[in-house]
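First the structure, in the form of C-alpha cells, and then the observations on it.
The values are calculated or read from the model by the stated rules, or taken from the named source; none is laboratory data. Owing to the predicted nature of the structure, the values given are computational and were not obtained by experimental measurement. With ideal geometry, Cβ positions are generated from the backbone for all residues, glycine too; neighbour counts draw on all protein chains shown. Accessible surface areas use protein heavy atoms only, side chains included; no ligands, DNA or RNA. Shrake-Rupley method; radii C 1.70, N 1.55, O 1.52, S 1.80 Å.
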Amino acid sequence: MKKLSDLSSEQLSYWFSEASEQAKQGKLPNYIPLLQQSEPTVFTFCIVTRNNYILSQGDSQKNFALMSIIKPFLLLYLLSELGEELIFKKVGSQSSNYSFNSLEQLQLDHGFPRNPMINSGALTLASLLPGKDSNTRCKNLQQWLNQQSECHLFLDELMLHSVQSLPNLGNKAIIDELSKTGQINEPEITLDTYNKICCLSVTVIELARLGLLLVNSPNISSNNVTIVRNIMTTCGLYEASENFAKNIGFPSKSGVSGAILSVVPQQGAIACYSPPLDAQGNSVAGLYLVEKIAMALRAREK
Ligand code: GLN
C-alpha cells in the first residue's frame, strides 16, 4: 500500500476543497444547542504517521468535543484495566443497522448492548469506569489518555452545560432499559459520566495523536488494540459502517460534533473536523476526505 507520507499536499488541497463543497449538503445536529451553533464552514484535518510526520490543513488549533469518538478509547482503557473477558460479558461486538441511540436495537437484543460504539454499549462501559463519582471517572479516563498519547484532553464545560440543557430522551430511555435489565447500577452517575467523557475536547492534531494509540503503542497490549480496531471497522460509523468497511476498510469512528478519526494500520492516523453531518450522523466532509485518501493509498496495490 502507498504511504500516507507519499500523499502530495496539492492532491490533499484539491480533495480538501471538494470536501468543503460537499459539506454544504450536511446538517448540524439539533439536540445539542452549542453544536447547532457550530460554524458549518470550518474544516480542518491532520495526518500523523508513527514516524511523527505531520500534515495538516485548515484551522488545526480549533478545539472540538470528541463526542462518540471517545467510545473506542473508553473501550481501550477498560480493556487495559479490566480485561477482555469481563468487558465482553457486558457488551457484544456485532454491528447494528439501527441508529447510534436506538432503544429498539437494545430491546431486540434483550437488554444486551450490541457493541461499544453505539450509545447503549458506551453507557454500559461508562458504568465500569473506576471512581466514586462522574468527575473522578471522567478524570481517570482523561488522565490515562493524556499520559498515553501526550495530549491535553480537557473537559469542555460549556459543551457539557449545553448537552445537559436539553433532555436527551433517547439516552434517558436507554439508561432506564439498562438499569431495568440489571446491566448497569447507578444510572444517574453513569449518564453523567457518559456526558462528561463525550465533552472531552481536543484539536485535530491531538485527535490524530490519539489515533496513533491504535497504530502502535509501546504501553498498550497489541491484542487490545486489535480488538478496538476490529470493532471500529465494523461498527464505528453506525449504519454506514458496512458500506464504509467495504469501500475503505480503515477502522474509523465519528462523533456528532463533526469529527472523524481513521486509523491506517501500521502507518498512522487521519483526523478530520467539519460539523455538517449526513443522515447517519457522520461528518460529510470528513468522510469524503478519508474515502479519497483510502482510495489513493490502495491505488498502487494492484
Ligand atoms: N453525546 C452524544 C449522544 O449521546 C454522542 C453521540 C455521537 O457523537 N454520535 O448523543
Accessible-area value, TYR53, 1.4 Å probe, nucleic acids and ligands omitted, Å²: 80
Spacing of the two label points (7 Å from each Cα toward its C-beta) at ASN219 and TYR98, in nm: 3.8
Where only alpha carbons of segment 136-204 are counted, the Rg and the Dmax (Å): 13.7, 39
Estimated translational D of segment 1-143 in µm²/s (Stokes, Kirkwood radius over Cα pairs; 10 °C; 1.306 mPa s): 87
Scattering profile of segment 194-302 at q = 0.22 Å⁻¹ [log10 I(q)/I(0), Debye over alpha-carbon scatterers]: -1.33
Listed residue (VAL264, LEU129, LEU82) projecting farthest to the positive dipole end of the chain, Cβ model: VAL264
Exceeding the 27 Å Cα-Cα cut-off - candidates LYS62/LYS89; LYS62/LYS246; LYS24/LYS253; LYS27/LYS62; LYS3/LYS27: LYS62/LYS89; LYS62/LYS246; LYS3/LYS27
Extension reserve of the LEU86-HIS161 stretch, reckoned as 0.36 nm per residue once the Cα distance is removed: 23.7 nm
Mean-position separation - Cα centroids, segment 206-229 and segment 138-199, in angstrom: 22
Interatomic Cα distance distribution for the chain, bins of 20 angstrom, percent: 37, 59, 4
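Largest first, what is the accessible-area ranking of MET295, MET117 with a 1.4 Å probe? List each step's numbers first, then the result.
Numbers: MET295 110, MET117 0 Å².
I get MET295, MET117, largest accessible area first.
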Surface share of carbon and sulfur [accessible, 1.4 angstrom probe, percent] for segment 1-64: 44
Accessible-area ranking of THR233, THR124, largest first, probe 1.4 Å: THR233, THR124
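Normalised by the residues of segment 1-156, what does the relative contact order come to in percent, with Cα pairs under 8 Å and at least six apart?
14
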Relative contact order %, the chain, counting alpha carbon pairs below 8 Å whose residues are six or more apart: 30
Taking segment 1-67 and dividing mean pair separation by its residue count, relative contact order in percent (alpha carbons under 8 Å, at least six apart): 24
ASN135 paired with THR181, simple spin-label distance in nm, labels 7 Å along Cα-to-beta-carbon: 3.4
Between helix 222-235 and the chain: long-axis angle, C-alpha atoms, 0 to 90°, nearest 10: 90
Surface accessible to a 1.4 Å probe, per residue, for the residues of the chain, Å²: 42
Between 0 and 90°, nearest 10: helix 134-149 axis offset from the chain longest Cα axis: 30
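In what sequence, largest accessible area first, do HIS110, HIS152 appear using a 1.4 Å probe?
HIS110, HIS152
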Accessible area of ASP156 in the full protein assembly, 1.4 Å probe (Å², nearest 10): 40
FRET efficiency for GLU188 and GLN266, using Cβ-Cβ distance with R0 set to 45 Å, rounded to 0.05: 0.60
Segment THR41-SER17, length gained on full extension (0.36 nm per residue, minus Cα span): 7.5 nm
